[in-house]
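Sharing a structure below in structure tokens format, with a few things to ask.
What follows draws every value from the coordinates through simple rules; no lab data is involved. Only a predicted model underlies this, so the values are computations on that prediction, with no experimental measurement involved. Note: ideal-geometry Cβ built from the backbone for every residue, glycine included; neighbour counts use all protein chains shown.
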Amino acid sequence: MTLGILGGGQLARMLCLDARRMGVKTVVWSGTATAEPTEGVADQVIKKSFDDELAREEFCHKVDFATVEFENIPQETLCKVEEVVGLHPSAESIAISQHRSREKSFLREHGIPCAPFALVNSLEELEAAYAELGPVAVLKTAAFGYDGKGQVKITASEQVEAAWHSVQGTPSVLEGFVDFQCEISALVARGKRGDMRIFPLAENEHRHHILDLSIVPARVSSTSAKEAEQIATRLAEKLDYRGLLAVEFFVDKSGGVLVNEMAPRPHNSGHFTMNACVTSQFEQQLRAVCGLPLGSTELLGESVMLNLLGDMWNPDLNRAEILATEGAKLHLYGKQDASGRRKLGHVNLIGGDSPEARARSLKKKLLP
Ligand code: AMP
């Protein structure tokens, strides 16, 4: 059995590691000339662009099942792979979640709560939308946005024009700012026959728009938790989804749950599952994509995941420090370039009295 993965980043790496443990071969098509995280981990890495036809033929010829590890892959590539080998999740599900305006329209169509929004294609439309959704709103480009990229907050009407220029006049979505109590995420897997398993909810904190900590289980009311779980499973059904779906939510001050965005793949906020659940999110993705039975999502104990970004990781200094922390499990992604705030790895803290206290104290030690 060979699993093909489009994309060669850390999510592909962790999927390959679980596949190898379970005797499933992997072929990664990175779409780029380098794919460090998957080198030496995948059985084969095809380092060619996503529009290289020969690369596509080779990939399709070698794999029995195909999936993605990130959503920004050309639609044409996704559709062609889908036609030849099948693709899980489907090209259509990926198309919806790779594009904010399609995603928002899908949510609206199915009556799923999300932040108030308007699709904007010109400065005039942005001005009209801001008048309705302001005074605090967030402008987000429709395509290629993640970790706060392609986003600008607007707090006064004088900033509208500059905001439009900063997204270079590309089709965008304006969202009303949500004064949230916290952010949470749900991960649901849907299998070949529509069977579903959901992981415990994670409560997420961000630093510079990038995920910093995930605390599990999320500290929200059982009503909010139930609502988030119902929305996530409903989305998976409505999309006729197969694979792992991540859904991020805002929980507003009255406990209401609003979808922020979806990701058609394993998610950074699900890394805790690698040490804290019976089945990891990567194993679950593999099971769903390859048509195997889904695994137990039982939580073995409270857990916290701390992301290691470029500004807080020095291999010579930090390894011993991290491993000296009780219940710390270190995961590194094999990236050579540690510049800026690249995601270089994460630490899962498990067991003991307060994994959160240990995570916060470790973070303090690691930050310069
Ligand atoms: P995103 O890339 O859309 O997930 O946005 C990154 C982060 O920006 C989110 O996790 C929130 O912390 C913040 N954010 C995005 N949109 C909104 C919004 N409409 N209201 C409040 N905060 C937001």
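Given the pairs Lys47/Lys343; Lys48/Lys238; Lys48/Lys335, which span a C-alpha to C-alpha distance of over 29 angstrom in this model?
Lys48/Lys238
What is the chain by shape, rounded, prolate or oblate, if you read a ≥ b ≥ c off the alpha carbon gyration tensor as root eigenvalues and call it rounded for a/c under 1.5, prolate for a/b larger than b/c, and oblate otherwise?
Since a/c stays below 1.5, the shape of the chain is classed as rounded.
Can you give me the pair-distance distribution of region 116-176, C-alpha pairs, 5 Å bins, whole percents?
4, 23, 38, 26, 8, 1
Enumerate the whole-percent occupancy of each 5 Å bin, from 0 to the last occupied one, for all C-alpha pair distances of region 147-206.
Result, from short to long distances: 4, 12, 16, 15, 12, 13, 12, 9, 5, 2, 0 percent.
Filter the trypsin sites (Lys or Arg not before Pro) in region 131-211 to those in DSSP coil with at most 16 other Cβ atoms within 10 Å of their Cβ, and list the result.
Answer in residue order: Lys149, Lys192, Arg193.
Still on this structure, I have one more. Please report how far the C-alpha centroid of region 94-152 lies from that of region 304-359, rounded to the nearest whole angstrom.
After rounding, the separation between the Cα centres reads 33 Å.
Arranged from highest to lowest average of other beta-carbon atoms within 10 Å per residue, in what order do the peptides 227-233, 63-69, 322-328 appear? Present the calculation step by step, with values, prior to reporting the outcome.
Values: 227-233: 19.9, 63-69: 23.4, 322-328: 15.4.
Taking the mean over residues of other Cβ atoms within 10 Å, the ranking is 63-69, 227-233, 322-328.
Starting with the highest mean, order 95-105, 256-266, 123-133 by the number of other Cβ atoms within 10 Å, averaged over the residues of each peptide.
Top to bottom by mean Cβ count within 10 Å: 256-266, 95-105, 123-133.
How big is D for region 2-87, in µm² s⁻¹ as a whole number, if Stokes-Einstein is applied with the Kirkwood radius of its Cα pairs at 37 °C and 0.692 mPa s?
Here the translational diffusion coefficient equals 267 µm²/s.
Moving to a separate point now. Can you tell me the length gained on complete extension of the stretch Val84 to Glu132, counting 0.36 nm per residue apart and subtracting the Cα distance?
That pair, Val84 and Glu132, stretches by 12.7 nm at full extension.
Let me ask another. What distance in nm separates the simple spin-label points at Lys226 and Val278, each placed 7 Å from Cα in the Cβ direction?
2.4 nm
Run the numbers on the chain and let me know its relative contact order in percent, using alpha-carbon pairs under 8 Å that are six or more apart.
Relative contact order here is 13 percent.
Okay, moving on. If the chain between Arg360 and Ala324 were fully stretched, how many nm would it gain, using 0.36 nm times the residue separation less the Cα-Cα distance?
The span from Arg360 to Ala324 would gain 11.5 nm if fully extended.
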